[in-house]
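Notes for the one structure printed next.
The values are calculated or read from the model by the stated rules, or taken from the named source; none is laboratory data. Since the structure is predicted, the reported quantities are computational estimates derived from the model, not experimental observations. Using ideal geometry, Cβ is built from the backbone for each residue, glycine included, and neighbour counts are taken over all protein chains shown. Remember, those area values only see protein heavy atoms, side chains included, never the ligands or the DNA or RNA. Shrake-Rupley method; radii C 1.70, N 1.55, O 1.52, S 1.80 Å.
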Amino acid sequence: MSKVIAVFGAGTGLGLSVARRFAREGFRVALVARRKERLDGLVEQLTAEGVEAAGFTADLSRPAEMPALVAAVRERFGRIDVIEYGPIGNDQTFTPAVEVDATVLEKGIPLFLLTPVEVVRAVLPEWTERGDGAFLLTTGASAAHPMPRLSGVGPVMAAARNYLYSLNAELADAGIYAGSLSIAAMISRSEMADLAEQVTDPELAAAFPVVDPDDLAQLYWEMYTERDRVELVHPGVPAL
């Protein structure tokens, strides 16, 4: 039975590129996203390219629903081998640290911290039994390198990053890999590129180049196959 990658937060940018990159290696693809119409369109694209793919509509800000979602993916495909978790959209905004309050942080905690933890818990028994599996977490660069005026989701993603490091260390001997790709750029062909319009400071704008999601997907494939690093920041630490 061929392997399966589940892309959580699938979109037209990184999610689609990751799906295509792993599909080239024989993976079947499960796509998870909130908006059914867009999700159906992505599945149609992959199917037309000869990829076995299926879509699963879900709100990833509801961590309690993740066990049932993972079970649905497993029922459809029979297994899950890799998860790429990287939801982000137009509703994510940058907040200066001096303006961050509990409400700002609470907004991001379910999506960026609690849900990935619940997803891992749901797949871990299968991976432990098989002695193989990989959880790939996509974050913004501010999770690894705090930046002035770009707080808000960064502290929450940093907490998930902390969890990921511990997770990888605890599970490596069991054949399970956890890795994070922190992106210090805007991703072309994605909704994330729209966030660039929120950055009015010329210095900040210059610090975030536009990257091709196909290049990011290749990095993820290398991280998955080589398993020699927990984290990669691409294209590098923003020069602020």
Here is a check on your reading of the model: is Arg62 more than 15 Å from the chain's Cα centre (by Cα), among the basic types (Lys, Arg) and more than 26 Å from Arg227 (Cα to Cα)? yes
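Matching residues to (1) of a type in the set (Val, Ile, Thr); (2) touching a Gly at 6+ places or on another chain (Cβ under 7 Å); (3) under 30 Å from Gly175 (Cβ atoms):
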site: Ala68; (1), (2), (3): no, no, yes
site: Val73; (1), (2), (3): yes, no, yes
site: Glu84; (1), (2), (3): no, no, yes
site: Glu106; (1), (2), (3): no, no, no
site: Val120; (1), (2), (3): yes, no, yes
Across region 223-240, what is the number of residues that are surrounded by fewer than 13 Cβ atoms within 10 Å (Cβ to Cβ), at pLDDT 90 or above and either more than 29 Å from Leu171 (Cβ to Cβ) or not β-branched (Val, Ile, Thr) (or both)? 3
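Regarding region 59-68, can at least one residue be identified that is hydrophobic (A, V, I, L, M, F, W, C) and crowded, with 19+ Cβ neighbours inside 10 Å? Before the answer, list the steps.
Taking region 59-68 first, the residues hydrophobic (A, V, I, L, M, F, W, C) are 60, 64, 66, 68.
Remaining after also requiring crowded, with 19+ Cβ neighbours inside 10 Å: 60, 66.
Within region 59-68, one or more residues are hydrophobic (A, V, I, L, M, F, W, C) and crowded, with 19+ Cβ neighbours inside 10 Å.
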Mind checking which residues of region 96-130 are among the β-branched types (Val, Ile, Thr) and open to solvent by 60 Å² or more (accessible area, probe 1.4 Å)? Val98, Thr103, Thr128
So is Phe56 in a strand (DSSP E or B) and either of a type in the set (Phe, Trp, Tyr) or closer than 25 Å to Val153 by Cα (or both) or not? yes
Looking at (1) surrounded by fewer than 20 Cβ atoms within 10 Å (Cβ to Cβ); (2) modelled with pLDDT of 95 or more; (3) closer than 16 Å to Gly86 by Cα, which one does Glu191 not meet, given that it meets all the others? (2)
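Mind counting the residues in region 1-21 that are under 22 Å from Ile183 (Cβ atoms) and either open to solvent by less than 20 Å² (accessible area, probe 1.4 Å) or without any contact (Cβ under 8 Å) to a residue 60 or more places away in the chain (or both)? Even if it seems obvious, please write down each step before you answer.
We begin by selecting, within region 1-21, every residue under 22 Å from Ile183 (Cβ atoms); these are 5-21.
Applying the additional criterion that residues be either open to solvent by less than 20 Å² (accessible area, probe 1.4 Å) or without any contact (Cβ under 8 Å) to a residue 60 or more places away in the chain (or both) yields 5-8, 10-11, 13-19.
Residues in region 1-21 being under 22 Å from Ile183 (Cβ atoms) and either open to solvent by less than 20 Å² (accessible area, probe 1.4 Å) or without any contact (Cβ under 8 Å) to a residue 60 or more places away in the chain (or both): 13 in total.
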Over region 131-151, the set of residues open to solvent by less than 40 Å² (accessible area, probe 1.4 Å) and in contact (Cβ under 8 Å) with a residue 60 or more places away in the chain is Ala134, Leu136, Thr138, Ala141, Ala144, Met147
Select, from Gly15, Gly41, the only residue that is outside any loop (DSSP other than H, G, I, E, B) and more than 19 Å from Phe135 (Cβ to Cβ). Gly41
Give me the residue from region 196-213 that is surrounded by 17 or more Cβ atoms within 10 Å (Cβ to Cβ) and under 17 Å from the mean Cα position of the chain (by Cα) and, out of that set, modelled with the highest pLDDT. Pro213
When region 22-58 is examined, which residues are found to be buried (at least 21 other Cβ atoms within 10 Å of the Cβ) and among the basic types (Lys, Arg)? Arg28
